[in-house]
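What follows is one structure encoded as structure tokens, with my remarks underneath.
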Amino acid sequence: MSRVYNFSAGPSVLPESVLQKAAAEMSDYRGTGQSVMEMSHRSKAYKPIVENTEALLRELMGVPDNYKVLFLQGGASLQFAMVPLNLRKKGRAAYVDTGVWASKAEKEAKKWLETVTVASSKAEGYSEIPEVREITGDYDYVHITLNNTIMGTKWPYLPETGEIPLVADISSCVLSEPLDVSKFGILYAGAQKNLGPAGVTLVIIRDDLITDSPVEGTPSMLRYSIHAENGSMYNTPPCYSIYMVGLVLEWMKETGGLAEITRRNQEKAALLYGYLDASDCYRATAKKGSRSLMNVPFLTKETDPEKADALNKKFVAEAAEAGLVNLAGHRLVGGMRASIYNAMPLSGVQALIAFMDRFAAANLH
């Protein structure tokens, strides 16, 4: 079977050259006579893999020297707990509610400190980022979700927080465009969008925030200090997933680095949003000015709910038959969603638009 265009929100499409390289090295990694899957994480063979992965990430993201790069487990969802457990001092944190994952992060944090929702776009159906340019107050940190995978929105700016550490979930936009790491106290991301397969979680944390957890009874595995002291090797890390992240980062560098990746992402997004905005049959759900480069939810312009639902299901099924898979919108919002992460080629977006034209001609006129 030939490769399909995979528009999944995660786990997502990986560069084909990366998959081919991993396949070639599967049973014998560069003359070691073993697979990376079999290696001890403390072996001489594995050490260069994790070191190279960190070095590439620092280079591509421009991570300052006073930040630690950690490769953890538990996904971004575990960071919803680790952040408050490790940063609690005064016992209050500010959250901006821009969607499902932002809301889940705040709900989890409430177990360990008081949270204040300083802004929300819930009333607008999470179709835009709320206007909150500055956040002040007696807070341990401010938390934002930089890109909202389900609703297809992203922050077009960063709120000013002064001395309050800014914490951001960047799972679905990491390395999609430039980001000034020095503006943040902590950045975290599940790998399964732009970085590699599921299993490893990236955490970038400023050195001064790495202190022993102030919450009594916090397990060792949930303390940033433990992981930082042990170079992400406190326990057996997700070795193969880290290796795959390294291959993806090598691909990014060979492609032309973040500048070229950004250019490609902007080109793909402009093509798809331009098509949707000009269409008589489809519409994007995220408002202009808040639109994600990575996740593009859209609907047909059918106004009857039952007919619209039937059309959505037909669209997704027929698209899959045409080799365009995982286009169903999130179960909470329905419709369709095209996730066009770094590894999605321009040809995938072009193929999607061509299919949308055919589907519209047959069903929407």
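The values are calculated or read from the model by the stated rules, or taken from the named source; none is laboratory data. All values reported here derive from a predicted model rather than from experimental measurement. Here the Cβ positions follow ideal geometry from the backbone for every residue, glycine too, while neighbour counts run over all protein chains shown. Each accessible area value is taken on the protein alone, full model and side chains, heavy atoms only, with ligands, DNA and RNA left out. Shrake-Rupley method; radii C 1.70, N 1.55, O 1.52, S 1.80 Å.
Mind checking the dipole of the chain: about its Cα centre, +1 per Lys or Arg Cβ, -1 per Asp or Glu Cβ, Debye to the nearest 20?
Working: 38 positive and 41 negative charges, 83 e Å.
In debye, rounded to 20, the chain gives about 400.
Please report the accessible area of W101 (heavy atoms, 1.4 Å probe, ligands and nucleic acids excluded) in Å², nearest 10.
W101 exposes around 90 Å² with every protein chain in place.
Just to be sure I follow: if Rg is taken over the C-alpha atoms of segment 39-80 and Rh is the Kirkwood radius over the same atoms, what is Rg/Rh?
Details: Rg = 12.5 Å, Rh = 12.0 Å.
When Rh is taken as the Kirkwood radius, the ratio is 1.04.
Quick check: from the Cα gyration tensor, does segment 1-122 come out rounded (a/c under 1.5), prolate or oblate? Walk me through the numbers before you get to the answer.
Details: a/c = 2.72, a/b = 1.72, b/c = 1.58.
It is prolate, given that a/c is not under 1.5 and a/b is the larger ratio.
Taking 0.36 nm per intervening residue step and subtracting the Cα-Cα distance, what contour gain separates K110 from A354 on full extension? Present the calculation step by step, with values, prior to reporting the outcome.
Working: separation 244, 0.36 × 244 = 87.84 nm, distance 4.64 nm.
Result for the pair: 83.2 nm of gain on full extension.
Report the charge-dipole magnitude of segment 1-139 in Debye, nearest 20, computed about the Cα centre from +1 at each Lys and Arg Cβ and -1 at each Asp and Glu Cβ.
Values: 18 positive and 17 negative charges, 105 e Å.
Result for segment 1-139 is approximately 500 debye, rounded to the nearest 20.
Ignoring ligands, DNA and RNA, what percent of the 1.4 Å accessible area of the chain is carbon and sulfur?
With neighbouring chains kept in place, the figure for the chain is 50 percent.
Under unit Cβ charges (Lys, Arg +1; Asp, Glu -1), what dipole magnitude, rounded to 20 debye, does segment 81-141 have relative to its Cα centre? Don't jump to the answer; show the numbers that get you there.
Working: 10 positive and 10 negative charges, 78 e Å.
With only Lys, Arg, Asp and Glu charged at Cβ, the dipole is about 380 debye.
Using the beta-carbon distance between N235 and L332 and R0 = 30 Å, what value does 1/(1 + (r/R0)^6) give for FRET efficiency, to the nearest 0.05?
Numbers: r = 34 Å, r/R0 = 1.13.
E(calc), rounded to 0.05, equals 0.30.
Taking the solvent-accessible surface of protein heavy atoms with a 1.4 Å probe, what is the per residue accessible area of segment 188-337 in Å²?
Dividing the accessible area of segment 188-337 by its residue count gives 43 Å².
Beyond 31 Å, what percent of the Cα pairs of the chain remain? Could you put the intermediate results ahead of the total?
Working: 24909 of 66430 pairs.
Counting pairs separated by more than 31 Å, the tail of P(r) holds 37 percent.
Using the heavy atoms of the protein chains and a 1.4 angstrom probe, tell me the accessible area per residue for segment 131-183 in square angstrom. If you can, show how the numbers build up before the last one.
Values: 1920 Å² over 53 residues.
With the other protein chains kept in place, segment 131-183 gives 36 Å² per residue.
How much length, in nm to one decimal, is gained on full extension between T117 and E318, taken as 0.36 nm per residue of separation minus their Cα-Cα distance? Write down the numbers at each step before the final one.
On the way: separation 201, 0.36 × 201 = 72.36 nm, distance 4.15 nm.
Taking T117 through E318 to full extension adds about 68.2 nm, to one decimal.
Kindly identify segment 105-165 as rounded, prolate or oblate by the Cα gyration tensor criterion: order the square roots of the eigenvalues as a ≥ b ≥ c, call it rounded if a/c is under 1.5, otherwise compare a/b with b/c, prolate if a/b is larger, else oblate. Please list the in-between numbers first.
On the way: a/c = 1.98, a/b = 1.30, b/c = 1.52.
Taking the square roots of the gyration eigenvalues as a ≥ b ≥ c, segment 105-165 is oblate.
Contour minus end-to-end for K89 and R283, with contour as 0.36 nm per residue of separation and end-to-end as the Cα-Cα distance? Kindly include the intermediate steps, with their values, before the conclusion.
Details: separation 194, 0.36 × 194 = 69.84 nm, distance 4.54 nm.
Here the segment from K89 to R283 would lengthen by 65.3 nm.
Please list, by residue number, everything in segment 344-364 whose backbone N is under 12 Å from a paramagnetic label point 7 Å out along Cα→Cβ of K301.
364
How large is the convex hull of the C-alpha atoms of segment 212-365 per residue, in Å³? Please report the intermediate quantities before stating the final value.
Numbers: hull volume 29.3 nm³, N = 154.
Cα convex hull per residue, to the nearest whole number: 190 Å³.
Efficiency by 1/(1 + (r/R0)^6): what FRET value for V325 and R30, r their Cβ-Cβ distance, R0 = 41 Å, to the nearest 0.05? It would help to have the intermediate numbers written out before the result.
Numbers: r = 33 Å, r/R0 = 0.80.
According to the calculation, E is roughly 0.80.
For segment 137-241, rounded, prolate or oblate, judged on the Cα gyration tensor with a ≥ b ≥ c (square roots of eigenvalues), a/c < 1.5 rounded, else prolate if a/b > b/c?
Verdict is oblate for segment 137-241.
Take the Cβ-Cβ distance between E163 and A270 as r, set R0 to 56 Å, and report the resulting FRET efficiency rounded to the nearest 0.05.
Numbers: r = 38 Å, r/R0 = 0.67.
FRET efficiency, E163 to A270: 0.90.
How high is the relative contact order of segment 198-279? Use alpha-carbon pairs under 8 Å, at least six apart in sequence, and give a whole percent. Let's see the in-between values first.
Details: 25 pairs, mean separation 17.7, N = 82.
That works out to 22 percent.
Once the dipole of segment 1-120 is set up with Lys and Arg at +1 and Asp and Glu at -1 on Cβ about the Cα centre, which of F7, A22, P48 lies farthest towards its positive end?
Checked the options; the winner is P48.
Which links in K21/K287; K122/K301; K193/K314; K253/K288; K47/K68 stretch past 28 Å when you go from one Cα to the other?
Working: K21/K287 40 Å; K122/K301 23 Å; K193/K314 26 Å; K253/K288 31 Å; K47/K68 17 Å.
The answer is K21/K287; K253/K288.
For the chain, what does -39500 (n - 2.57) per DSSP helix run (n ≥ 4), summed and divided by total residues, give at 222 nm, in deg cm²/dmol to the nearest 500? Can you show the working numbers first?
Working: 9 runs with 127 residues, N = 365.
So the calculated ellipticity at 222 nm is -11000 deg cm²/dmol.
Within the chain, what percent of beta bridges assigned by DSSP are antiparallel, to the nearest 5?
Values: 22 of 40 bridges.
If we restrict to bridges inside the chain, about 55 percent are antiparallel.
Distance in nm between label sites at A259 and D212, each 7 Å beyond Cα in the beta-carbon direction?
Here the answer is 4.7 nm between the modelled labels.
At 1.4 Å probe size, with every protein chain present, just tell me what the per residue accessible area of segment 1-102 comes to in Å².
Values: 4880 Å² over 102 residues.
I get 48 Å² per residue for this part.
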